[in-house]
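Here is the structure we will look at, set down as structure tokens.
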Amino acid sequence: MLKITNLSKSFNKDNENRVDIFKNFNIEIEANKCTAIIGPNGCGKSTLLNLISGSILADSGEFILNGKDITKLSEENRAIHIGRVHQDPSLGVSPSLTILENMSLADKKGEGFSLRRLVKKDRIPKYIELLKDLDLGLEDKLDTQVKYLSGGQRQSLSLVMASMKFPDLLLLDEHTAALDPKTSHVVMKKTKELIEKYKMTTIMISHNMKDAIDYSDRVIMLDQGQIILDKASKDLTEEELMDIYRKKLDEHILH
Ligand SMILES: Nc1ncnc2c1ncn2[C@@H]1O[C@H](COP(=O)(O)OP(=O)(O)OP(=O)(O)O)[C@@H](O)[C@H]1O
Ligand SMILES: [Mg+2]
């Protein structure tokens, strides 16, 4: 479980562009479940994931992951416990390295730098097994540089790499947003299978209401850094979410 207490974060504190995005924000993310976070552009979704992964620092607040206080850990040290897939298919993989080298790097996450590029031969069957699960034929392309893969193949590879060390927490930031609808569906299905198979605690950001409901256990809607809806996915409909969205948009236009 991830517990965030009293989180505050402002950007540009010293000038007129100041944004107070989170103020005494609290949230508990359940273990072994997928929590979807939705909300309009700029409501703080990516900032929240960046604060959790440690890629930006909170002004105040506490992050407890599975009972361990990770608040003061650097991004690199948090990455030992946290896997992440970005929206941009070029992030999360090393394009000039092969699939095999990328898998090997992910496998050695948390180890020292010295021998990280050396592929351990006895681990290759494991990589092949994980890639086979994706059903994309990537297991036959182990020596292909990742830059030659399609966006969908890269995002699927990223997903396998982010989850292969069974992180305590998996962060997905609109990881299918750059893909065409069909590929997006395939990657989302694989995502759900992986999360369920390994019971991974996951936070998934999505702009797609249907995906948010279909592929998660719980949906949280943010607006201006605040939780305005928190409900089990099974009790939600797409119409209900769209209604709330529309009301919020109207409010913003009126103010
Ligand atoms: N590094 C930064 N410096 C200044 N302002 C920032 C920074 N990162 C985010 N912001 C601001 O914080 C707010 C929240 O941004 P964030 O990227 O978290 O939104 P989001 O919910 O992920 O939106 P989207 O749906 O467009 O991805 C926005 O007003 C944004 O401009
Ligand atoms: Mg974002």
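The values are calculated or read from the model by the stated rules, or taken from the named source; none is laboratory data. Everything numeric in this text was worked out from a predicted model, so none of it was measured. Because the Cβ atoms are built from the backbone with ideal geometry, glycine has one as well, and the counts that use them run over all protein chains shown.
Out of ASP243, ASP217, ASP230, I need the residue that is touching a Lys or Arg at 6+ places or on another chain (Cβ under 8 Å), acidic (Asp, Glu), more than 20 Å from GLY44 (Cα to Cα) and more than 16 Å from ligand 1 (Cβ to nearest atom). Which one?
ASP217
Looking at GLY83, GLY61, GLY44, can you tell me which residue is of a type in the set (Gly, Ala, Ser), touching a helix residue (DSSP H, G or I) at 6+ places or on another chain (Cβ under 6 Å) and buried (at least 17 other Cβ atoms within 10 Å of the Cβ)?
That would be GLY83, the only listed residue that is of a type in the set (Gly, Ala, Ser), touching a helix residue (DSSP H, G or I) at 6+ places or on another chain (Cβ under 6 Å) and buried (at least 17 other Cβ atoms within 10 Å of the Cβ).
So ASP14 fits all but one of (1) within 16 Å of ligand 1 (Cβ to nearest atom); (2) under 24 Å from ILE205 (Cβ atoms); what number is the exception?
(2)
Restricting to segment 47-56, and then to whatever is touching a helix residue (DSSP H, G or I) at 6+ places or on another chain (Cβ under 9 Å) and touching a residue at least 24 places away in the same chain (Cβ under 8 Å), can you tell me which residue is farthest from ligand 2 (Cβ to nearest atom)?
GLY54
Taking the residues in segment 24-43 that are within 13 Å of ligand 1 (Cβ to nearest atom) and over 14 Å from the mean Cα position of the chain (by Cα) as candidates, determine which candidate is nearest to LEU194 (Cα to Cα).
Looking at the filtered set, the residue picked out is GLY39.
So, in segment 10-19, exactly how many residues are in a strand (DSSP E or B) and more than 23 Å from the chain's Cα centre (by Cα)?
Summing the residues that are in a strand (DSSP E or B) and more than 23 Å from the chain's Cα centre (by Cα) in segment 10-19 gives 1.
Taking SER104, is it surrounded by fewer than 17 Cβ atoms within 10 Å (Cβ to Cβ) and either modelled with pLDDT of 90 or more or closer than 25 Å to MET188 by Cα (or both)?
Against the criterion (surrounded by fewer than 17 Cβ atoms within 10 Å (Cβ to Cβ) and either modelled with pLDDT of 90 or more or closer than 25 Å to MET188 by Cα (or both)), SER104 does not qualify.
The conditions are (1) basic (Lys, Arg); (2) away from ligand 1 (no atom under 16 Å from the Cβ); (3) surrounded by 15 or more Cβ atoms within 10 Å (Cβ to Cβ), and LYS68 fails exactly one of them. Which is it?
The one condition LYS68 does not meet is (3).
Those residues that are more than 11 Å from ILE37 (Cα to Cα) and surrounded by 18 or more Cβ atoms within 10 Å (Cβ to Cβ), I need them from segment 212-232; list them, please.
TYR215, GLY225
Of all residues being closer than 15 Å to GLU174 by Cα and more than 14 Å from ligand 2 (Cβ to nearest atom) in segment 1-41, which is surrounded by the fewest Cβ atoms within 10 Å (Cβ to Cβ)? Just the residue, please.
Ranking the qualifying residues of segment 1-41, first place goes to THR35.
Grab the strands (runs of 3 or more DSSP E) fully contained in segment 177-255, keeping just those with 2 or more residues being on the phi < 0 side of the Ramachandran plot and free of Cβ contacts under 8 Å to residues at least 60 places away in the same chain.
Fully inside segment 177-255 and qualifying: 226-232.
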